[in-house]
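Structure first, commentary second.
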Amino acid sequence: MKGNANHPIIAFYAKAIAEMKKNPSDMTNPTSWRYQGAIHDYLRPNATDAQRQARDPLFTTTDILPPPSEQLKFWRTCQHQSWFFLPWHRMYLHHFERIIMGHVARLGGPTDWALPYWNYSGSKTFGIPFPGSALLPGPFRTGGLPDLFVARREPLANQGQPFADATATDIKRCLQEPFPSSGSSGGFLGLKTVSNHAGGPAEGAVESSPHDLMHGAIGGSGGLMGNFIGAPLDPIFWLHHCNIDRLWEVWIARDTTHKNPVDPDWLTTSFDFHDAKGNPVSMKPSEVLDTKAAPLSYVYDDISDPV
Ligand code: C2O
C-alpha cells in the first residue's frame, strides 16, 4: 500500500470522518458518526447506561440521545438475512457518502470524491494496483491514519499480515448463484422476507460470503466489525460494503438470467434515512437499481467477471 495514505480519496475520507466525530456525546445530529452507526444497529431506547456501555464502543456518560420516537424510526434498521440486504445497504452507503462528500467539498478535497471499495480478491485497492489486496489496506492499519484505525480488530489485520482465509475473500462463488426464485436456497441476493432488521431465514450467498466471513475475519475476537452495533464504527466497514455493492453490479452484468426482483413487495418497501443536511428522507429499492441515475449517480470502474 505504502503511498495510499496520501491518496486524496483516502486522505479526505479520514478528514471527513474526523469532522463527523466532532461533539461525540451529541447523538442527536443525524449526520454525525455515531448517529450514522446507530442507523445500522443500536440498543433499544429503554436501555440503561450500563447496557449501552457494555455494547456501544463509543459510549460516554454524557451522551445525549434523540427522543425514543426518533430512535425507533431511524435506528436499528439494517436489513440482514433478507432480500433487502443489498438495497438497504446501498441506501445506507449512499446517504453516508453524501455526508462525506459534503465535508470533502468544504475541506477543499477532490470534487469527484466517491466512496472507494476494497476488493480483497482483486489486484487493485482504491483503483490503485495493489497486489496484497487481501491484506487490510495500509491506511487503516497500525501506523496508518489515526481516523481510519481502530484497535478492536483482528491483530493480524492491523499488523498488515494475512488474516482472512481464501473462503472469506472468495468473490467468485456467490457470483455463480442464481436468482432466488423459490426454494430454501437464498440464491445470490436472498429470499423474500418482510423487512426484519436481522435474524431472518433468507440469507443470500453474497451476504454469507464474502460479506459475513469478512466481517468476522476483520473483527476477530471481540472486534467492532464482528457485531451490528460496532461494525459501522470501523471505517473499513464502508469500503467492505462498497465492494459488496459492487459485486451486485458484477452479478447482474455477468449473466442475462441474473436480474433483480420485480416483486412490488421488494421494489416499493421504503426505508428511512437522512440526507446530508440532516433532513429525513425515505427511499425504496426501486430508486436504487440504476447506480448511474440520480440520486445515486455512480459507476464502478471495474465490474468485469472474475469467474
Ligand atoms: Cu448490515 Cu456488513 O452489515
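Any read-out appearing in this document is the output of simple, stated calculations on the displayed coordinates, not a laboratory observation. Note that the structure is predicted; figures quoted are calculated from it, not measured. A quick note on method: Cβ atoms are made from the backbone with ideal geometry, for glycine too, and the neighbour counts reach across all protein chains shown.
Each Lys and Arg Cβ is given +1 and each Asp and Glu Cβ -1; about its Cα centre, the chain then shows a dipole of about 520 debye.
Given their separation in residues at 0.36 nm each and the Cα-Cα distance between them, residue 301 and residue 22 gain 97.2 nm when the chain is fully extended. You can think of it this way: the chain between residue 111 and residue 256 has 48.7 nm of extra reach, that is 0.36 nm per residue less the Cα-Cα gap. Going from the fewest other Cβ atoms within 10 Å to the most, the residues 211, 274 appear in the order 274, 211. Taking each residue as 0.36 nm, the span from residue 213 to residue 281 lengthens on full extension beyond its C-alpha to C-alpha distance by 21.3 nm.
Projecting the Cα atoms of 276, 204, 187 onto the charge dipole of the chain, computed from C-beta unit charges around the Cα centre, puts 276 farthest toward the positive end.
Working note: Karplus 6.51/-1.76/1.60 with θ = phi - 60° gives the range 251-263 the couplings 4, 4, 6, 8, 7, 5, 7, 8, 9, 6, x, 10, 5 Hz, where Gly and Pro are set to x.
Distant-in-sequence amide contacts of residue 274, defined by a placed amide H-H separation under 5 Å and a gap of 5 or more residues or a different chain, comprise 281. Starting from the Cα gyration tensor of the range 243-307, take the square roots of the eigenvalues, sort them a ≥ b ≥ c, and report rounded, prolate or oblate (rounded when a/c is under 1.5, otherwise prolate if a/b is larger than b/c, else oblate). Note, shape of the range 243-307 comes out oblate. For the range 1-83, trypsin sites (Lys or Arg not before Pro) meeting the loop criterion (DSSP other than H, G, I, E, B) and having at most 10 other Cβ atoms within 10 Å: 22. A Förster distance of 51 Å, applied to the separation of the beta-carbon atoms of residue 50 and residue 156, puts the FRET efficiency at 0.95. Near the amide H of residue 26, within less than 5 Å, lie the amide hydrogens of 64, all on another chain or at least 5 residues away, with H placed in the peptide plane. By other beta-carbon atoms within 10 Å, ranking 101, 27 with the fewest at the front produces 101, 27. Using the Cα gyration tensor of the chain, with a ≥ b ≥ c the square roots of its eigenvalues, what is the shape: rounded (a/c below 1.5), prolate (a/b larger than b/c) or oblate (neither)? Rounded. Normalising the average separation of contacting C-alpha pairs (under 8 angstrom, six or more residues apart) by the number of residues puts the relative contact order of the chain at 22 percent.
Charge dipole (Cα centre; +1 on Lys/Arg Cβ, -1 on Asp/Glu Cβ; no other charges) of the range 160-307 amounts to roughly 80 debye. Each of 105, 231, 157 was scored by the projection of its Cα onto the charge dipole of the range 93-244, and the greatest displacement toward the positive side belongs to 105; charges sit on the C-beta of Lys, Arg, Asp and Glu. For the range 184-289, what does the alpha-carbon gyration tensor say about shape, rounded, prolate or oblate, given a ≥ b ≥ c as the root eigenvalues, a/c under 1.5 as rounded, and a/b over b/c as prolate? Cα axes put the range 184-289 in the oblate bin. The calculated FRET efficiency for residue 194 paired with residue 70, based on their beta-carbon distance and R0 = 25 Å, is about 0.65.
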